[in-house]
Amino acid sequence: MVESAWEELDAPATRRRDFCLDAISDVLETGRLAPDDAERVVERLVLVALSHETCAVRESALHAVCTASTHYQLPYGVVKALAVGADTFEPVLLGYVLSILGATYDRMALPVVERYLLHPDPEVRREAAEAVDELCRSHEFARGESRTGHP
């Protein structure tokens with residue numbers, strides 16, 4: 001199903017490319033892909049999100065990556081291009097990017113996410129704060145600490 005959605009996305013006659021990405025999101029939501037396969041799908045979705053000219057398509061790609069991040073533990077390296085290109089996203093899409101980076105639980109994403117704590121858009125600031133909290137909390141748990149810092 002994922003392959004047919006990619007084919008339809010790439011077909012010149014396809015009018016609603018965002019629907020193709022919604023189908024891929026549905027597959028990711030099942031959690032039935034092997035982790036390596038899910039990572040390959042996410043890498044391609046990241047490329048679409050960064051390169052497509054239509055906001056609806058970019059949003060569908062980011063939504064699909066968010067869906068994947070709730071069902072798979074995505075390594076930071078798989079979504080790092082989103083961190084590098086974060087400044088190119090409109091505020092409505094930036095929230096997705098910040099959520100995705102937070103869901104990696106990788107402290108390497110922290111400097112990128114922290115930059116958006118002072119963003120002029122309040123929704124972006126809220127998403128950035130949630131992502132920072134998630135990244136810091138995951139680091140504390142990895143060290144065996146609770147929220148109060150006690151082991």
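Using a probe radius of 1.4 Å on heavy atoms only, what accessible surface per residue do you get for the range 12-136? Whole Å² is fine.
Roughly 49 Å² per residue, with all protein chains present.
Angle, helix 55-71 long axis vs. longest principal axis of the chain, Cα atoms, 0 to 90°, nearest 10?
50 degrees
Before anything else, pin down the relative contact order of the range 81-142: Cα pairs under 8 Å, at least 6 apart, normalised by residue count, whole percent.
Averaging sequence separation for qualifying contacts and normalising by length gives 36 percent for the range 81-142.
Express in % the proportion of alpha carbon pairs of the range 1-77 at distances exceeding 18 Å.
The calculated P(r) of the range 1-77 puts 31 percent of pairs beyond 18 Å.
Suppose the chain between His71 and Arg137 were pulled fully straight at 0.36 nm per residue; how much longer would it get relative to their current alpha carbon spacing?
21.9 nm
Work out the charge dipole of the range 11-151 with +1 on the Cβ of Lys and Arg and -1 on the Cβ of Asp and Glu about the Cα centre, then indicate which of Pro122, Met108, Ser138 is farthest towards its positive end.
Working it through, the farthest residue towards the positive pole turns out to be Met108.
Between Phe89 and residues 5 or more places away or on another chain, which pairs have amide H atoms under 5 Å apart, with H built 1.01 Å from N, and which residues are they?
none
Angle check, please: helix 91-102 long axis (alpha carbons) against the longest principal axis of the chain (alpha carbons), in degrees 0 to 90, nearest 10.
Its long axis makes an angle of about 60 degrees.
Sticking with the crude label model, points 7 Å out along Cα→Cβ, report the distance from Met1 to Arg44 in nm, one decimal please.
For Met1 paired with Arg44, the spin-label model returns 1.5 nm.
Calculate the dipole size of the range 20-151 relative to its Cα centre from +1 charges on Lys and Arg beta carbons and -1 charges on Asp and Glu beta carbons; express the result in debye to the nearest 20.
Result for the range 20-151 is approximately 320 debye, rounded to the nearest 20.
Under the definition of Cα pairs under 8 Å and six or more residues apart, what whole-number percent is the relative contact order of the chain?
Dividing the mean separation by the residue count of the chain yields 17 percent.
Report Rg(Cα)/(2.2 N^0.38 Å) for the chain, keeping two decimals.
Scaled against compact globular proteins, the figure is 1.08.
Given the rule -39500 (n - 2.57) for each run of at least 4 DSSP H residues, summed and divided by the residues of the chain, what is its mean residue ellipticity at 222 nm, to the nearest 500 deg cm²/dmol?
Calculated at 222 nm, the ellipticity per residue is -22000 deg cm²/dmol.
Out of the total accessible area of the chain (probe 1.4 Å, heavy atoms of protein only), what percent is carbon and sulfur?
The C+S portion of the solvent-accessible surface of the chain is 54 percent.
The values are calculated or read from the model by the stated rules, or taken from the named source; none is laboratory data. Source: prediction; values computed, not measured. So basically every Cβ, Gly included, is an ideal-geometry build from the backbone, and we count neighbours across all protein chains shown. With ligands, DNA and RNA removed, areas are computed over all heavy atoms of the protein, side chains included. Shrake-Rupley method; radii C 1.70, N 1.55, O 1.52, S 1.80 Å.
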